[in-house]
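Below is one structure, written out as structure tokens, with a few remarks after it.
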Amino acid sequence: MKHQAHASRGGLTVVEVLIALVVMAIAFAALALTQVSTMRMNADSRRMSDATDFANDVLEDKTKEILADYSTVLGACATPDACSESLSDHDSRYQGTLTWGRLGSGYLDQGLIRIAVEVTSPTRVSFYRTVSCIDVNPAPSVALPDPCPFVPAGGGG
């Protein structure tokens, strides 16, 4: 009578179980790294979004302030970055600068004020806007062909 060498066994060997555990551990480690990376990207996106909202709010507020007293600002801030303030004065969470001033003195730049917001920390964001005397005064017409008062470079009114 012949005996079969080994009948098929129903269980797994210790080596097979260890190999399966190693494969599962590698898969879970890859998933964990992906999750950590996603969480970092979400945090970075949140910081960027918050800084963008903050910079836009500051830009809007300064635009309203300048348009309310346009000719004074045009005369007092004779160069693009002549006037400035720190962004930490608006919100201590943010570092950077808010600058504004007259864009230039040539024909094309007459009556333009550039407002720039640059957030440098916790992330980098920068925006600028150019406002014109036409934003405050009526548009040119036959009765008033030049609505913008000319203010010589360096001040005056």
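Tabulated values for the structure
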| quantity | calculated |
| --- | --- |
| Pair list, Cβ < 9 Å and 6+ apart or interchain, from segment 4-32 residues that are at pLDDT 90 or above to residues that are assigned to a loop (DSSP other than H, G, I, E, B) and not polar (S, T, N, Q) | A20/L12 |
| Subset of segment 125-136 (residues that are without any contact (Cβ under 8 Å) to a residue 60 or more places away in the chain and out of contact with any strand residue (DSSP E or B) (no Cβ under 6 Å at 6 or more places or on another chain)) | I134 |
| Residues of segment 55-74 satisfying the condition of being farther than 18 Å from S92 by Cα and not charged (D, E, K, R) | T63, I66, L67, A68, Y70, S71, T72, V73, L74 |
| V15 surrounded by fewer than 12 Cβ atoms within 10 Å (Cβ to Cβ), in a helix (DSSP H, G or I) and not small (G, A, S) | yes |
| Residues satisfying the stated conditions in segment 37-71, i.e. without any contact (Cβ under 8 Å) to a residue 24 or more places away in the chain and β-branched (V, I, T) | T38 |
| T79 being surrounded by 14 or more Cβ atoms within 10 Å (Cβ to Cβ), among the hydroxyl-bearing types (S, T, Y) and without any contact (Cβ under 8 Å) to a residue 60 or more places away in the chain | yes |
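The values are calculated or read from the model by the stated rules, or taken from the named source; none is laboratory data. On a predicted model such as this, the values are computed, not experimentally measured, just so you know. Cβ sites come from the backbone with ideal geometry, for glycine too, and all protein chains shown count toward neighbours.
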